[in-house]
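The structure appears right after this line, and notes come after that.
The values are calculated or read from the model by the stated rules, or taken from the named source; none is laboratory data. Predicted model only: the values in this text are computed from it and were never measured. Here the Cβ is made from the backbone with ideal geometry for all residues, glycine too, and neighbour counts use every protein chain on show.
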Amino acid sequence: MATSEQRSSSALDTALLWLAILVLFVSIAGYYYFTAYSDLVRVLGMLAGAGVAAAIAFQSQIGKTAWSYVQGSRTELRRVVWPTRRETVQTTLLVVVFVLILAAFIWALDVVLAYAVTLLTGRA
């Protein structure tokens, strides 16, 4: 009995996802088909179609799982301890200085290797 429920649920989920994809493709095709209308109207229509497609997709089990993941991610983002402005500036400056030092080292290495190749090949 549970197997038939899973199959019908899975078939329903598959149908919902295909319907969502179809609605999304129709809204994108409508954007290109209705070129006589202004871009704003076409973009709003496409966004409305994408919203309807998302609403349909969120009715499936995969959509519900994805929405649960998004809610969990939002909860975790609230728990993050963000750096202060001073820490951010210090870290950024440290990265910039390190990149400049590394660039100077690579440039010096390139000059030395180019000189060594010139000496080895005899081209002056």
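Residue-wise test of (1) closer than 30 Å to Asp13 by Cα; (2) surrounded by 10 or more Cβ atoms within 10 Å (Cβ to Cβ); (3) touching a Gly at 6+ places or on another chain (Cβ under 7 Å).
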position	(1), (2), (3)
Ala53	yes, yes, no
Phe58	yes, yes, no
Gly63	yes, yes, no
Ser68	yes, yes, no
Arg85	no, no, no
Ala104	no, yes, no
Val112	no, yes, no
Gly122	no, no, no
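Can you name every residue in the range 45-87 that is β-branched (Val, Ile, Thr) and either touching a Cys at 6+ places or on another chain (Cβ under 6 Å) or farther than 22 Å from Phe25 by Cβ (or both)?
We begin by selecting, within the range 45-87, every residue β-branched (Val, Ile, Thr); these are 52, 56, 62, 65, 70, 75, 80-81, 84.
Passing the criteria: Thr65, Val70, Thr75, Val80, Val81, Thr84.
Could you list all residues from the range 7-57 that are of a type in the set (Val, Ile, Thr) and closer than 22 Å to Trp67 by Cβ? Walk me through how you get there before you give the answer.
Our first condition is that a residue be of a type in the set (Val, Ile, Thr); within the range 7-57, this holds for 14, 21, 23, 26, 28, 35, 41, 43, 52, 56.
Thr14, Ile21, Val23, Val52, Ile56 - these are the residues of the range 7-57 that are of a type in the set (Val, Ile, Thr) and closer than 22 Å to Trp67 by Cβ.
Within the range 43-67, count every residue that is without any contact (Cβ under 8 Å) to a residue 24 or more places away in the chain and part of a helix (DSSP H, G or I). Give the derivation first.
Of the residues in the range 43-67, the ones without any contact (Cβ under 8 Å) to a residue 24 or more places away in the chain are 43-48, 51, 55, 58, 64-67.
If we keep only those that are part of a helix (DSSP H, G or I) too, we end up with 43-48, 51, 55, 64-67.
Summing the residues that are without any contact (Cβ under 8 Å) to a residue 24 or more places away in the chain and part of a helix (DSSP H, G or I) in the range 43-67 gives 12.
For the range 98-112, check the following and say yes or no: at least one residue is under 30 Å from Leu16 (Cβ atoms), part of a helix (DSSP H, G or I) and modelled with pLDDT of 90 or more. Step through it out loud before you land on a result.
At the first step, the residues of the range 98-112 found to be under 30 Å from Leu16 (Cβ atoms) are none.
So far as the range 98-112 goes, no, none of its residues is under 30 Å from Leu16 (Cβ atoms), part of a helix (DSSP H, G or I) and modelled with pLDDT of 90 or more.
Does Leu22 meet the test of being assigned by TED's automatic domain parsing to the domain that holds Lys64, under 21 Å from the mean Cα position of the chain (by Cα), at pLDDT 90 or above and of a type in the set (A, V, I, L, M, F, W, C)?
On the way: assigned by TED's automatic domain parsing to the domain that holds Lys64: yes; under 21 Å from the mean Cα position of the chain (by Cα): no; at pLDDT 90 or above: yes; of a type in the set (A, V, I, L, M, F, W, C): yes.
When the stated conditions are applied, Leu22 does not pass them.
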